[in-house]
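Structure first, then comments.
The values are calculated or read from the model by the stated rules, or taken from the named source; none is laboratory data. This one's a predicted model, so the numbers in the text were calculated from it and none came from an experiment. Here the Cβ positions follow ideal geometry from the backbone for every residue, glycine too, while neighbour counts run over all protein chains shown. Please note that ligands, DNA and RNA were not included when accessible areas were found on the heavy atoms of the full protein model with its side chains. Shrake-Rupley method; radii C 1.70, N 1.55, O 1.52, S 1.80 Å.
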Amino acid sequence: MANIKDIAEKAGVSVTTVSRVINNHPYVSEEKRKRVLEAMEVLEYTRNVHAVHLSKGFSNMIGVVMPTISLPYFAEMMAGIADAAAESGIHLSLFQTNYDVKKEIFALSQLKQRQVDGLIFCSKALSDDKLKEWEGPILLCQNSNKGGFSTISIPHQAAFRDGLNYLIAKGHKKIAICLARKKGNEQSYSHQSI
């Protein structure tokens, strides 16, 4: 695979000139730009995206950590994140964990290795204390009792109460609620009648 030095030799220009052409720098004569572009085509040069990310210091990629995409709640959340990312020109990497701590740690390792610039945890099995051991931008889509995390969430208790009051006001007497998990770090499913 050709590199910048190979292109410079083929085009008869400096490595700096090749770099300027690749990065669309304006201070290159049209004649030199044409020679560089022709050399790139002949040598079938393609940019090494990882090298570009290293040189810029960011990957333009955000990791989204969620247990599953198959539940409507998480599917809707992912759709919203994807829309916002597309508007900002950011790419997404999905880590579907099924509340497996090892998979969540893998996502965190991707942050540490700068494969992603930050992580959005939609729901997690890891404790806040364990998560605090990792460095990097992390956003939690749930309340956290530990400082140091950016969080965004809805007041679930108030929302459930409003929903319940609405159903009662409509005359419903037998009301059931299905929850995916009773507690943040348990993988349990429950059904309760009210």
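Testing LEU111 on (1) assigned to a helix (DSSP H, G or I); (2) open to solvent by less than 50 Å² (accessible area, probe 1.4 Å); (3) touching a helix residue (DSSP H, G or I) at 6+ places or on another chain (Cβ under 9 Å), one condition comes back false. Which one is that?
(3)
What about GLN142, is it surrounded by fewer than 11 Cβ atoms within 10 Å (Cβ to Cβ) and out of contact with any Leu (no Cβ under 8 Å at 6 or more places or on another chain)? Spell out the reasoning first.
Details: surrounded by fewer than 11 Cβ atoms within 10 Å (Cβ to Cβ): no; out of contact with any Leu (no Cβ under 8 Å at 6 or more places or on another chain): yes.
No, not satisfied.
Within the range 82-102, count every residue that is open to solvent by 30 Å² or more (accessible area, probe 1.4 Å) and in contact (Cβ under 8 Å) with a residue 24 or more places away in the chain.
Residues of the range 82-102 that are open to solvent by 30 Å² or more (accessible area, probe 1.4 Å), as a first pass: 82-84, 86-94, 96, 98, 100-102.
Subsequent filtering for residues that are in contact (Cβ under 8 Å) with a residue 24 or more places away in the chain retains 89-94, 96, 98, 100-101.
Within the range 82-102, residues that are open to solvent by 30 Å² or more (accessible area, probe 1.4 Å) and in contact (Cβ under 8 Å) with a residue 24 or more places away in the chain number 10.
Residues are listed down the side, and each one gets a yes or a no for (1) β-branched (Val, Ile, Thr); (2) modelled with pLDDT of 80 or more:
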site: ALA2; (1), (2): no, no
site: LYS5; (1), (2): no, yes
site: VAL13; (1), (2): yes, yes
site: VAL18; (1), (2): yes, yes
site: GLU31; (1), (2): no, yes
site: HIS53; (1), (2): no, no
site: SER59; (1), (2): no, no
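Among the residues of the range 117-166, write down those that are among the hydrophobic types (A, V, I, L, M, F, W, C), in a helix (DSSP H, G or I) and closer than 18 Å to ILE105 by Cβ. Don't jump to the end; show me each part of the working.
The first filter runs over the range 117-166 and keeps only residues among the hydrophobic types (A, V, I, L, M, F, W, C), leaving 119-122, 125-126, 131, 134, 138-141, 149, 152, 154, 158-160, 164.
From what's left, in a helix (DSSP H, G or I): 131, 158-160, 164.
Passing the criteria: only LEU131.
Can you tell me which condition ILE120 does not meet? The list is (1) surrounded by 15 or more Cβ atoms within 10 Å (Cβ to Cβ); (2) at pLDDT below 90, and all the others hold.
(2)
In the range 145-194, how many residues are open to solvent by 50 Å² or more (accessible area, probe 1.4 Å), of a type in the set (D, E, K, R) and at pLDDT below 80?
Final tally of qualifying residues: 4.
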